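What follows is a single structure, written as structure tokens, with notes after it.
Where a number appears in this text, it was derived from the coordinates with a stated rule and is not lab data. A quick note: this is a predicted structure, and the numbers were derived from the prediction, not measured. FYI the Cβ positions are ideal-geometry reconstructions off the backbone, even for glycines, and counts take in every protein chain you see.
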Amino acid sequence: MATIDITPNQDGGIQKKVVREGTGTTSPVPGSTVFVHYVGTLADGGEKFDSSRDRGDEFKFTLGREQVIKGWDLGVATMKKGELAEFRIAPEYAYGASGSPPKIPANATLIFEVELIRWESEDLSPDRDGTISRDVIVKGEELAHPNDTSDVEVHAVGSFEGRVFYDKDITFSLGEGSEAGLPEGVDRAIRRMTRGEKSIIHIKGTRFYSFVKVPATWELTVEQKLETAQEAKERGTHFLKEGKFKLALNKYKRIEDLLEYERTADPSVKEKRDALMVAAYLNIALTHSKMNEELECIKACDKVLELSPGNVKALYRKGMAKLSFSDFDEALTIFEKVMASEPGNKAAEQQILICKQKIKEFEQREKRRFKGLFAKLGNDVPEEQEQKNPSEEKVGEENAEPMEGASSA
């Protein structure tokens, strides 16, 4: 097979040739414990200086922890299970100018035949008990790790005993994955990932079972739904104030998911439910407005007005959205409704003045446009009329009959 350069800078320092293909789609990652067989020889002369096969023992090390030469850390990370590969490693990725006496001289280029027997997934669990681990399928951008306060966007697919129970695109703040329906272990694993990376996260033991026992919305009582919705409202407001609009939307839409189809004959419960729904839709409208998604803002305002006709905040936000679309007439009508409900509303009063000014400017532009159009039409006189014989005009005037009621000189 072809020889490829696997160095990050493509400087030729590590040349890899696959002797036998491995199996599967995953490779070990930094932190994985790998088990290999190897034979090491000098490129100059071919003298063998070390071999695990001769000893009859597998060699194990933790990848990416500088327990071996740099060429191994980089090379083994490219391998699949069962793969046999040959690596030609330059001195700067091996033992450098010092060598490793007495068998490896200074500035020696080395040849290693390496077989990746197996590896244990990188253990991410806080107690190093194997309850959270990962295998990388597609590597991401080097060094592009999220920090503890990052907002992340991920596509997550969860399966248990071959059954997919979770498949979503989600956005959340690290540390709050559980609010998006993710187990704590996945949240922890994402902290170690890089942008663009695709990995399999293994969750087992109590960390998984405690997650799957979280009740679904339909399992909650009315009181639990109201309590959960109130918590979502508070979290959404927190995110909104921090400018984390997508996260805020997730929280407000959680309220909609919880209460949209909740029907009750209890007046006090209905009042709480409607108040939370109105607050959710108002904040959804505000958030969409801040994201310049005015059409979605209008939709949310309309939902508020279905629950609370004449709601001043909904009317005002809808009016502002209409204004952004240059729909001045409708915006004016909406702001006038606000003034009818709140005669002292200075903000609406100001928007009414703006709408009237915009309408006036529009009418003036249209007037000038049509005036110019008619002037152009007036200049389009037929050529034969312009070249009419002056004598014909005079004859016509002399032969004209006097108008009825006209007096002569």
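Quote the Stokes-Einstein diffusion coefficient, in whole µm² s⁻¹, for segment 154-275, based on the Kirkwood radius over alpha carbon pairs, a temperature of 25 °C and a viscosity of 0.890 mPa s.
Stokes-Einstein gives a translational diffusion coefficient of 152 µm²/s.
Would you mind ranking 172, 335, 160 so that the residue whose beta carbon has the fewest other beta carbons within 10 Å leads the list?
160, 172, 335
When a footprinting reagent is the concern and you count Cβ atoms within 10 Å, what order do 191, 365 take, fewest first?
Exposure proxy ranking, most exposed first: 365, 191.
Taking the Cα centroid of segment 67-102 and of segment 260-337, what is the distance between the two, rounded to the nearest whole Å?
First find each Cα centre; the distance between them is then 63 Å.
Just want the ordering: 281, 38, from fewest to most Cβ atoms lying within 10 Å of their own Cβ.
Exposure proxy ranking, most exposed first: 38, 281.
Can you check what the Kirkwood hydrodynamic radius comes to for the chain, Cα pairs only, in Å to one decimal?
28.8 Å is the Kirkwood radius here.
Taking Rh as the Kirkwood radius computed over C-alpha pairs, what is the Stokes-Einstein D of segment 219-325 at 37 °C in a medium of viscosity 0.692 mPa s, expressed in µm² per second?
Once the numbers are plugged in, D ends up at 236 µm²/s.
For segment 17-49 and segment 348-363, compute the distance between their C-alpha centroids and round to whole Å.
Their Cα centres are 74 Å away from one another.
With +1 on each Lys and Arg Cβ and -1 on each Asp and Glu Cβ, and nothing else charged, work out how big the dipole of segment 3-120 is about its Cα centre, in Debye to the nearest 20.
That gives a dipole near 200 debye.
Please list, or write none, the lysines whose alpha carbon is within less than 24 Å of the alpha carbon of residue 270, excluding same-chain residues fewer than 8 places away.
Within the straight-line limit of under 24 Å, residue 270 reaches these lysines: 225, 233, 251, 253, 299, 303, 313.
Quick one: what Rg and Dmax do you get for segment 132-214 from the alpha carbons, in Å?
12.3, 36
Placing unit charges on C-beta atoms (Lys and Arg positive, Asp and Glu negative, everything else neutral), compute the dipole magnitude of the chain about its Cα centre in debye, rounded to 20.
1340
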